[in-house]
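Asks: Here it is, the structure, as structure tokens.
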Amino acid sequence: MSRMKEGEENKTKSYTALVWTQKPIRSEDIAFIDDIKDLTLDQKTPLRVLHRRALAVRQRVVHHMTARYLDPHHFHLELKTQAGTYIKEFIHGDFGRTKPNMSVLLKMDTDILELDVESVDVDWPPSIPE
């Protein structure tokens, strides 16, 4: 079990999300997102899982993101994150429980309409120390 937990710490996941924005955007309004690297988040246990998870603040890393403009209120967001990152809460902010979040970065309300897991990346089995 400890070997599995060890791998969990180093695992990354890749996602694609469909994001809605409250205010109209242009492609240049989201271009800066592509330049954000290794963004550290402080995520309080999300409200949607609070009934089954302990209340805590967890630090997670968004390694990189790519934004693709769709229309004045929608864009696709590709993310590669540390395992355990709450993606939905990163997009909408969870009433300020995830900091920073996409709403803060864009200075407007955002929400997530779709979320796809594209890949789970982990070295398995972990190398055995000699």
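The values are calculated or read from the model by the stated rules, or taken from the named source; none is laboratory data. Given the structure is predicted, the values throughout are model-derived calculations rather than measurements. Cβ atoms come from the backbone with ideal geometry, glycine included; neighbour counts cover every protein chain shown. Areas reflect the complete protein model, heavy atoms only, side chains present, ligands, DNA and RNA absent. Shrake-Rupley method; radii C 1.70, N 1.55, O 1.52, S 1.80 Å.
Asks: At 1.4 Å probe size, with the rest of the protein present, what percent of the exposed accessible area of the chain is carbon and sulfur atoms?
Replies: 51 percent
Asks: Could you report the accessible area of D116 in Å², rounded to 10, computed with a 1.4 Å probe on the protein chains as they sit in the structure?
Replies: Counting only protein heavy atoms, the figure is 80 Å².
Asks: Still on this structure: Expressed as a rounded percentage, what relative contact order does the range 21-130 have, with Cα pairs under 8 Å and six or more residues apart?
Replies: About 26 percent, as a whole number.
Asks: Express in nm, to one decimal, how much length is gained between M108 and R58 on full extension, taking 0.36 nm for each residue of separation and deducting their alpha carbon distance.
Replies: 15.6 nm
Asks: Let me know the charge dipole size of the range 36-84 about its Cα centre in debye, to the nearest 20, where only the beta-carbon of Lys, Arg (+1) and Asp, Glu (-1) is charged.
Replies: Here the range 36-84 has a charge dipole of around 300 debye.
Asks: While we're here: Find, to one decimal place in angstroms, the Kirkwood hydrodynamic radius of the chain, where the mean of 1/r is taken over every pair of different Cα atoms and then inverted.
Replies: One over the average 1/r among Cα pairs gives 15.6 Å for the chain.
Asks: In the full protein assembly as shown, how much of K44 is accessible to a 1.4 Å probe, in Å² to the nearest 10?
Replies: Accessible surface of K44 is approximately 90 Å².
Asks: Treat every Asp and Glu Cβ in the chain as -1 and every Lys and Arg Cβ as +1, leave all other atoms uncharged, and give the resulting dipole magnitude about the Cα centre to the nearest 20 debye.
Replies: Computed charge dipole of the chain: roughly 600 debye.
Asks: A 18 angstrom limit on the alpha carbon distance is what I want to check against. Which of K11/K99; K80/K107; K23/K107 exceed it?
Replies: K11/K99; K80/K107
Asks: Report, in deg cm²/dmol and to the nearest 500, the calculated mean residue ellipticity at 222 nm for the chain, where each DSSP H run with n ≥ 4 adds -39500 (n - 2.57) and the sum is divided by the residue count.
Replies: Estimated from H runs of four or more residues: -4000 deg cm²/dmol.
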